[in-house]
Every structure is written in structure tokens, then in C-alpha cells.
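Here is the structure we will look at.
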Amino acid sequence: MAGKSIFRTALASATLFAIAIFWAGCAVPLNHVGAFSQASADLAKQAADAYEYVNETTIEQHISDIAADPNLSPDDDTFEKLIVDSDLAARISLLRGVENYAKALGDLASADFRKEIDAASKDLYGSLGKLQNTYASIKKEPLPLSDKDLAIIATAIDLIGTTIAEKQRRAALKTIVIQTNFSIQNAMKLVSSEIPALKSLVLANLDVIWTDKVKAYQKEVMGLSFDQRVAKLRDIRKSYECIDIASRLLDGIVSASRKISDAHAALQEAVKADKFTTEKMVKEIKNLTELAKSIKQFHDKLLTAKE
């Protein structure tokens, strides 16, 4: 199920964020950019997966309703998704754009050769272009990132040169972060504003599934043995626990969206002062790490509930 893949993602993220904490303790300031990039990219991926989970619970709720009523049969609407493919693709594309932007920023900060700089810049332009187009298709308005801004970024990257001058690299990173900050803020604001409504739908779906199981148990209970009753009740308990876990996961995605925004804002504040590490930036990276640990706990609980 899509739901399981989402929570497996959280397990992998714990390792990635452990790396981020390691880099946060290193002496090379640009490694903080890499730590921010890895943390932000991973959380953006989790948010994209959350949209898939909304569709999965909707279909499961339809299946539960039909199973609970012998007079009902599946039809075309049974497997209808809540978020149509075009809308879902747009939102996932937006989040993948943020994810790929964060990765490219980290790659640019750690590149050792010109060809690596070129590869990172290509990924950066691609991710920003995706952000521009996707945000416009959803909001019907452009991001505050113009072609002129992209040209400024391109010029800054070109100035790094073939010998990877660190002064120019830092100048390029500074330019990129400053020029893209408002766009990253807007993209993540869109996600954080939508997830609460989707959370209500997910919880409603899971509540229907749990209620259907309770009603089915009440109808069947007199014909069940003790062991069968225990098995049914344990299954009902798992469905009940999934409601709480899903609620916490989606709250975590909202927090993740806001924390990515906060971390990028802290990064912008740092580079404006020609710094690539600050106490505030390290704090934001640690906040992202703590969120990953929390999501991992929900992951572990969900696996237990689904066994």
C-alpha cells in the first residue's frame, strides 16, 4: 500500500538526518549548507508522499463501505481518487522541485570539479523551472522568481570558474539563496495550507474503516469463538491506532513545511551577512532532525498497528 511506503520513507530519513547532525558539528561552514539541503530535500519528499496517502485512504474507505453492506457492489466510483491525477501530479511536482533544489544546492556547496559544478547548476535550473511552472499551474499566479533572477544566478555560478574558487562559490550560493528565498517560502506555504484540509479527509476515511469493522464485529460476535473475537478486536484496535498515527504524521508534514521555510530563511539571513553558519542556522537544522526522529516513531507505531 502507498501508506506503508510513506512510513518506510520516514525510517530512511532518520539515517539521513543523523548525517546532517554530523555535518552540523564539523568545522567547514559550507557543510551546514549540505546539512540543510539533505534535511530539506528529505522532508519535501515525505510531504509529496503524503498526498499519495490521501488517495489511498479514500479508496480503502470505499472498499470498507462495500464490504460492510452486502447489497453494495464495486463500480467505477469505488476506486476513484480524491485528488485527480493532474492535481496530484502538480503538487508532487512542486514538492519534487523543492526537494531537487535543496539537493542541487548541497551538491553545489560540495562540488570539487567544474563538471560537478555544471551538473549541480543544471539540476538547480531544472528544479527552479519546475517550481515556477508548477506553482503557476496551481495558484494561477507566478512565483517571485523571474527569468532575470535566474540569469543573475547563472552569472554567479559561471564566476566560480574552472578552479572552483571558494570565494566565488560562496558568492554564488549567497546569490542563489537570496534570489530563491521567497519562492521556497511560497511553495512550502502552499503545502502547509493544504495539508490540514487533507488531514480531515484522511481521518474521516480511517474513522469509517474503523467504524465498519466495529459494526461487523457486533453482527458476527455471537457466532465467533473466543479466539476469533480476540483476533477481530485486535484488528479493530489496529485500525483505531492508525487514526492517531496518521493524524500525527500529517501534523508532522505541516511542521516539516514550516521548518523548511524557517531553515531556508535562516540560511538567507546567514549568507546576507556573508556567513555560512550561524547559531540560528544550526538550531534550524537540529529542529529538522528532531522532526525526523518524531516521524520515525510514528513509522514504528504504524508498522506495529498494521501487523
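What follows is calculated from the coordinates using simple rules that are stated; it is not laboratory data. Source: prediction; values computed, not measured. Here Cβ is always computed from backbone atoms with ideal geometry, including for glycine, and neighbour counts include all displayed protein chains.
Straight-line reach from Lys280: which aspartates and glutamates have a Cα under 20 Å away, not including same-chain ones fewer than 8 places off?
Result set, ordered by chain and number: Asp262, Glu269, Glu290.
Which trypsin sites (Lys or Arg not before Pro) in the range 131-168 sit in a loop by DSSP (not H, G, I, E or B) and have at most 10 other Cβ atoms within 10 Å of their own Cβ?
The qualifying sites are Lys140.
Would you give the gap between the C-alpha center of the range 120-142 and the C-alpha center of the range 231-264, rounded to a whole Å?
The two parts, judged by their Cα centres, are 29 Å apart.
State which entries of Lys199/Lys272; Lys122/Lys189; Lys115/Lys189; Lys167/Lys283 exceed 32 angstrom in Cα-Cα distance in the structure shown.
Lys199/Lys272; Lys115/Lys189
Which distance in nm do the two modelled labels at Asp244 and Lys272 give, with both placed 7 Å along the Cα-to-Cβ direction?
Placing both labels 7 Å beyond Cα along the Cβ direction yields 4.3 nm.
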